[in-house]
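Below you'll find the structure, written out as structure tokens, and then a few comments.
The values are calculated or read from the model by the stated rules, or taken from the named source; none is laboratory data. Everything numeric in this text was worked out from a predicted model, so none of it was measured. When we count neighbours, we look across all protein chains shown, and the Cβ atoms used for this are built from the backbone with ideal geometry, even at glycine. SASA here: full protein model, heavy atoms, side chains in, ligands and nucleic acids out. Shrake-Rupley method; radii C 1.70, N 1.55, O 1.52, S 1.80 Å.
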Amino acid sequence: MDTPVSQIFDYYPPEGSDCSPKIGQRALVPFGRREVVGFIHGISNDSSLPKKKIKSCKSIIDKDPLINEGAHELVSWCKNYYHHPLGKTYATAVPRYLRAGKTPAIEKMLFQESKDKKKLKAHQKKAYDGCIKLLKKSAPILLNGVTGSGKTEIYLHLMERVLSKKEQVLFLVPEIGLTPQLYEAITSRFGNCVGLIHSSTTDKSRAKAWLAAKENKLSVILGTRSSIFVPFHSLGLIVIDEEHDESYKQQSGLMYSARDLAVVKAKKSGCGLVLGSATPSYESLLNAEKGKYSEVRLTKKVFSAKPPEKKLINLNANSSKKGLSAPLFRSISKALKKGEQSLLFINRRGYSPVTMCEECGKIEECPRCESNLVSYKGTGKLKCHHCSYQKTAGTECLVCEGKKITVGHGTEKIEEELKEKFPNEMIIRIDRDTTSSNKKRIEAFGYAKSGDAKILVGTQMLTKGHDFPNLSLVAFVNVDQGLFGSGYRSSERFAQQYYQASGRCGRRNKKGLVLLQTHNAENEALQALLNDSYMAFYEKNKEDRRRLEWPPYTYSFLLRAESPSEKNVFHFLDNIAEFIKNSEYISSIKLLGPIQSPIGIIRGKKRGQLMLISKNRKKLHMIGGRLISFIDAKKLGTKVKWSIDVDPTDHS
Ligand code: ADP
Ligand code: ZN
């Protein structure tokens, strides 16, 4: 059942029925004073409870198990690996509609032999043949191919092979914005055989797609991370596009990585797995080096293009209060004159990250979080990005009646500057705020792709996996914020964003230009980005990670706790730190903390954390299990909300 305890509850089969329950069926059971839907997770002839205490199921909902063997295995694996309560794991894995005990009617949506088919270019054919050979080896394949090398076409060819054997395909993308183009590509080739699962899918359609895949009535599921839990009847291939993307990791509740689960799912079901990226994660590259993955590389582009010219713009020399320097404006003008498109990347939403009183210096902060409020000019609001708090911006300081000014830039401010400078051009901003509805999102990307929009401004949402045929200039408005961010992953993350975005310009035989605005023009890492390929950057950068013993050379757990009382947070964390220090595993584990979390307060709750790092994954998991028993036994968790994040990617 969907309860936060890790316990499994025992029930008798429904009274007077002669049915024998099966693992994976849903059952309606009495629970406290309510009746709830649960999943039959196991069947046993005995129980630790006295017989009289055991109640009977009210009814069994499914004739055949809803959770098939593969899904049952994945849920169980997930529960153990992420140290998460079983009921909550089911609740993440199964669509809400089905958890409510309902069963939708499904239709047949099966693959049809394709009519039009693109011929693979020589370099694609070679990679495709390589994949076919390697798929027989049953190790995951890392398709490491530069942007524009035509990975999508390779996926489609691999899919066709699998589909024509009447097997099914699961295709994962990191972000909803990438689904329309792939949906179009897949359905135009293989017919109406695709179930879509992403954040805008209704509960019912999600359940329909899920069930149809399980009943073998549907050939392809295309979706974002939660689709990894879809049970298939005969899965032949999983494709994880943009495998490096952090959106594959869920950051709350069951903090799973859909990419890592794909590896487990493929292994358990014996299907093929292709992880594709132009900028693979360090984890996957290391797995390839160790031989756990097979690697196929694509270094050629489909449309030959000279590599883009790359230049730094030294902001110290071109100082301007505004976000965009004069050289950047000149380059945009040049592109416009040639009828070409420009893309400006800045990983910050809103108008500006800081609003301050010019007189007394008071900064607008969230009253509930340890965080500055982000201003939004369009709506005249100040918003907190960590909770739902917002208020009217106002122009005067409430303390001294001084004038409020904004400091720093977000996408909205950059858009405003551009509109002032280029009032007659179509400028499109793409970030989470401007693409909140399906309609808005599809419209914005439509203008961006058709080339009608001459200037694009956006966050990483804009740079992920999109093909803009007319793009010739890519500019990073604020390099320093990304490259010198905190955390051991920041240089990897920035390099990925940089090579992803810069790889999008200068396709189709146009000469591209990449500009980086920075205050640190002499920085070594920046120089490397200018001169090296992603793989060369990785080769150098990985040595830092190895030397400092960060993942992927080690494994880590992040334990978080929060409570309105800081004392409770640290009482909890100190107890755990003590337990770890006294355990037999301490020799193979490094303990960092307890410390206050980087964002120390969210929604009025004080936050603290500690991190466990080890080269030995098994020992780390053993201590994880012990920890939870310790917390339960000592009832430590009663005054704090706590969670374990296994293989964390976000340390805030
Ligand atoms: P990647 O995902 O590797 O960055 P894409 O799959 O977006 O590359 O391909 C880049 C462009 O090349 C797309 O516009 C795609 O339609 C085109 N393309 C890919 N393969 C072929 C092919 N074999 N023949 C013609 N065009 C192709
Ligand atoms: Zn807040």
- Message: Considering only segment 283-290, I want to know if a residue exists there that is assigned to a helix (DSSP H, G or I) and farther than 27 Å from GLY485 by Cα.
- Response: yes
- Which residues, taken from segment 408-463, are over 30 Å from GLU364 (Cα atoms), open to solvent by 20 Å² or more (accessible area, probe 1.4 Å) and among the small types (Gly, Ala, Ser)? GLY446, SER450
- Item | Odd one out for GLY236, checked against (1) assigned by TED's automatic domain parsing to the domain that holds VAL146; (2) more than 25 Å from HIS198 (Cα to Cα); (3) in contact (Cβ under 8 Å) with a residue 60 or more places away in the chain | (2)
- Going through segment 473-487 in order, the residues found to be open to solvent by 20 Å² or more (accessible area, probe 1.4 Å) and part of a helix (DSSP H, G or I) are ASP480, GLN481, GLY482
- Query: Could we say that GLU283 is open to solvent by 30 Å² or more (accessible area, probe 1.4 Å), within 16 Å of ligand 2 (Cβ to nearest atom) and out of contact with any helix residue (DSSP H, G or I) (no Cβ under 6 Å at 6 or more places or on another chain) here?
  - Reply: no
- Message: I need the helices (runs of 4 or more DSSP H) fully contained in segment 517-619, keeping only those with at least 3 residues that are away from ligand 2 (no atom under 16 Å from the Cβ), farther than 28 Å from SER277 by Cβ and not assigned by TED's automatic domain parsing to the domain that holds ILE414.
- Response: 566-581
- Note on the structure: If you go through ILE601, ILE613, the only one that is among the β-branched types (Val, Ile, Thr) and closer than 17 Å to GLY487 by Cα is ILE613
- Message: Against the definition (over 27 Å from MET159 (Cα atoms), open to solvent by 80 Å² or more (accessible area, probe 1.4 Å) and touching a strand residue (DSSP E or B) at 6+ places or on another chain (Cβ under 8 Å)), how does LYS311 come out, yes or no?
- Response: yes
- Message: Could you list, ordered by first residue, the pairs with Cβ atoms under 6 Å in which the first is in segment 335-364 and under 17 Å from HIS466 (Cβ atoms) and polar (S, T, N, Q) and the second is part of a strand (DSSP E or B) and open to solvent by less than 20 Å² (accessible area, probe 1.4 Å), at least 6 apart or interchain?
- Response: GLN341/LEU471; SER342/ILE455; SER342/LEU473
- Message: For segment 492-516, which positions are assigned to a helix (DSSP H, G or I), modelled with pLDDT of 90 or more and touching a Gly at 6+ places or on another chain (Cβ under 9 Å)?
- Response: ARG493, PHE494, GLN497, TYR498, GLN500
- Message: Residues to consider are ARG297, ARG330; find the one that is open to solvent by 90 Å² or more (accessible area, probe 1.4 Å), closer than 30 Å to LYS126 by Cβ and out of contact with any Ser or Thr (no Cβ under 8 Å at 6 or more places or on another chain).
- Response: ARG297
- With respect to PHE39, is the statement that it is more than 30 Å from PHE557 (Cβ to Cβ), surrounded by 14 or more Cβ atoms within 10 Å (Cβ to Cβ) and outside the structural domain of ARG560 (by TED's automatic domain parsing) true? no
- Among all residue pairs at least 6 apart or on different chains, which show Cβ distances below 8 Å where the first residue, located in segment 296-317, is without any contact (Cβ under 8 Å) to a residue 24 or more places away in the chain and within 27 Å of ARG330 (Cβ to Cβ) and the second is among the acidic types (Asp, Glu) and in a loop (DSSP other than H, G, I, E, B)? none
- So which residues in segment 336-363 are acidic (Asp, Glu) and open to solvent by less than 50 Å² (accessible area, probe 1.4 Å)? GLU340
- Query: Which residues, taken from segment 508-519, are open to solvent by 10 Å² or more (accessible area, probe 1.4 Å) and in contact with a strand residue (DSSP E or B) (Cβ under 9 Å, 6 or more places away or on another chain)?
  - Reply: LYS510, LYS511, LEU513, HIS519
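Results for (1) of a type in the set (A, V, I, L, M); (2) over 23 Å from ASP241 (Cβ atoms), shown as yes or no for each residue.
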site	(1), (2)
GLU492	no, no
GLN497	no, no
LYS511	no, yes
LEU529	yes, yes
ARG547	no, yes
ARG560	no, yes
LYS567	no, yes
- Could you list, in sequence order, the residues of segment 136-195 that are hydroxyl-bearing (Ser, Thr, Tyr) and either under 20 Å from the mean Cα position of the chain (by Cα) or near ligand 1 (Cβ under 10 Å from one of its atoms) (or both)? THR147, SER149, THR152, TYR155, THR179, TYR183
- Message: Filter segment 355-399 down to the residues that are more than 14 Å from ligand 2 (Cβ to nearest atom), among the charged types (D, E, K, R) and under 26 Å from LYS605 (Cα atoms) and list them by number.
- Response: LYS362
- Query: Hey, among LYS117, LYS126, LYS88, LYS79, which residue is charged (D, E, K, R), in the same structural domain as THR201 (by TED's automatic domain parsing) and either in a helix (DSSP H, G or I) or within 16 Å of ligand 1 (Cβ to nearest atom) (or both)?
  - Reply: LYS126
- Message: Given the condition in contact with a Ser or Thr (Cβ under 7 Å, 6 or more places away or on another chain) and either open to solvent by 70 Å² or more (accessible area, probe 1.4 Å) or not in a loop (DSSP other than H, G, I, E, B) (or both), answer yes or no: does some residue in segment 54-72 qualify?
- Response: yes
